[in-house]
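A short write-up of the structure that comes next.
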Amino acid sequence: MEWIDTHCHIDGEEFDADREAVLERARETGVSKIFVPAIDLASSKRILTLCQQYPDYLYPMVGLHPEEVRADWREQLTAIKQLLPLLREGAGGGSIGEVGLDFYWSREFEQEQLEAFEEQVRWSVETQLPLMIHCRKAQNELVSIIKRYAKELPGGVFHCFTGNEQEARELLQFDRFVLGIGGVLTFKKSHLPEVLPAVVPLDRLVIETDAPYMAPVPMRGQRNEPAYTRYVLQRLAEAYGVTEQVIADRTSANVARVFGVK
Ligand SMILES: [Zn+2]
């Protein structure tokens, strides 16, 4: 049985000491591919290099994360945009991310976040590379921007979905997009095991770690790693009342469709 981790910060310093071993455990567990989101210019460059070392296993993204949007955001975007052609040179599977809006901690750069996100949405339209979207406390603003480009966008992932039925429905109106489900699903108080089967069809889900963050139960509180996606897979199978194989196959097919990889 094989499945895909669509969102893993494996380039992070948390993995500097044992990255090779972490990737080996991921392969042994059944993780067949890992998608690696950037957060800024430096990580975009780092990830492109790292992914070249693991062809057909690690797939790069470049982009400016909303929490990294500061006074220098225009310079960051100008430099990151230059990297977009490199995503095309590899075996495919490159994407733009992670991008989006995050007003959870602060609205200090609210206007800048909105502009930076919209510009990166336009990159996706121009290049037809899919989007990895991060959204916290900003769904209304996010939806209104995506609506303007929905017809021309190639699709993507609403990463780390933790919302209610209404919020899920609102995101699923964008029919080339899927919801990224991670460790939160396994938390005791999570409502996702009821919300997802109620409104999210199996062809609209993908699995993610968001490692090193968001470790699922029973690893909660520890450093997360891609192998732990098997706990998310197990919980999804329980919630939907299907076998783990069905979840693995359906989510892998969704990744193939959205990211254009086999
Ligand atoms: Zn992330």
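The values are calculated or read from the model by the stated rules, or taken from the named source; none is laboratory data. Quick caveat: nothing in here was measured; it's all calculated off a predicted structure. All Cβ positions, even for glycine, are placed from backbone atoms using ideal geometry, and neighbour counts span all protein chains on display. Just the protein is used for accessible areas: all its heavy atoms, side chains included, with ligands, DNA and RNA removed. Shrake-Rupley method; radii C 1.70, N 1.55, O 1.52, S 1.80 Å.
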What about Thr243, is it of a type in the set (Val, Ile, Thr), within 16 Å of the ligand (Cβ to nearest atom) and out of contact with any Phe, Trp or Tyr (no Cβ under 9 Å at 6 or more places or on another chain)?
-> no
Number of the exception - Gly97 against (1) over 23 Å from Thr251 (Cβ atoms); (2) touching a residue at least 12 places away in the same chain (Cβ under 8 Å); (3) surrounded by 14 or more Cβ atoms within 10 Å (Cβ to Cβ) | (1)
Name the residue, out of Ala256, Ala198, Ala237, Ala227, that is closer than 25 Å to Val125 by Cα and not in a loop (DSSP other than H, G, I, E, B).
-> Ala256
Restrict the check to segment 146-162 and report whether at least one residue is within 16 Å of the ligand (Cβ to nearest atom), under 24 Å from Leu87 (Cα atoms) and among the polar types (S, T, N, Q).
-> no
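Rundown of residues vs (1) surrounded by 24 or more Cβ atoms within 10 Å (Cβ to Cβ); (2) away from the ligand (no atom under 16 Å from the Cβ), yes/no style:
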site: Ile4; (1), (2): yes, no
site: His7; (1), (2): yes, no
site: Ala17; (1), (2): no, yes
site: Leu23; (1), (2): no, yes
site: Ile34; (1), (2): yes, no
site: Ile39; (1), (2): no, no
Which residue out of Leu86, Leu77, Leu114 is within 29 Å of Val261 (Cα to Cα), crowded, with 18+ Cβ neighbours inside 10 Å and not hydroxyl-bearing (Ser, Thr, Tyr)?
-> Leu77
In segment 201-222, the residues that are part of a loop (DSSP other than H, G, I, E, B) and open to solvent by 30 Å² or more (accessible area, probe 1.4 Å) = Pro201, Tyr213, Met214, Val217, Pro218, Met219, Arg220, Gly221, Gln222
Could you grab me the full set of residues in segment 70-89 that are touching a Phe, Trp or Tyr at 6+ places or on another chain (Cβ under 7 Å) and either β-branched (Val, Ile, Thr) or farther than 16 Å from Ala42 by Cβ (or both)?
-> Leu84
Select the helices (runs of 4 or more DSSP H) contained entirely in segment 63-181, then report the ones holding at least 3 residues which are more than 19 Å from the chain's Cα centre (by Cα) and at negative phi.
-> 73-81, 84-89, 110-127, 139-149
Criterion: within 16 Å of the ligand (Cβ to nearest atom) and farther than 25 Å from Leu131 by Cα - qualifying residue of Arg235, Arg223 = Arg223
Can you confirm whether segment 157-165 contains a residue that is more than 23 Å from Glu98 (Cβ to Cβ) and open to solvent by 20 Å² or more (accessible area, probe 1.4 Å)?
-> yes
Among residues of segment 241-262 being open to solvent by less than 50 Å² (accessible area, probe 1.4 Å) and among the polar types (S, T, N, Q), the residue nearest to Ser95 (Cα to Cα) is Asn254
Meets criteria (closer than 30 Å to Ala17 by Cβ and at pLDDT 95 or above) for Tyr231 | yes
For residues that are open to solvent by 30 Å² or more (accessible area, probe 1.4 Å) and either away from the ligand (no atom under 16 Å from the Cβ) or under 20 Å from Phe117 (Cα atoms) (or both), tally how many sit in segment 41-53.
-> 6
Kindly establish whether Glu225 is more than 28 Å from Ile146 (Cβ to Cβ), touching a residue at least 60 places away in the same chain (Cβ under 8 Å) and buried (at least 23 other Cβ atoms within 10 Å of the Cβ).
-> yes
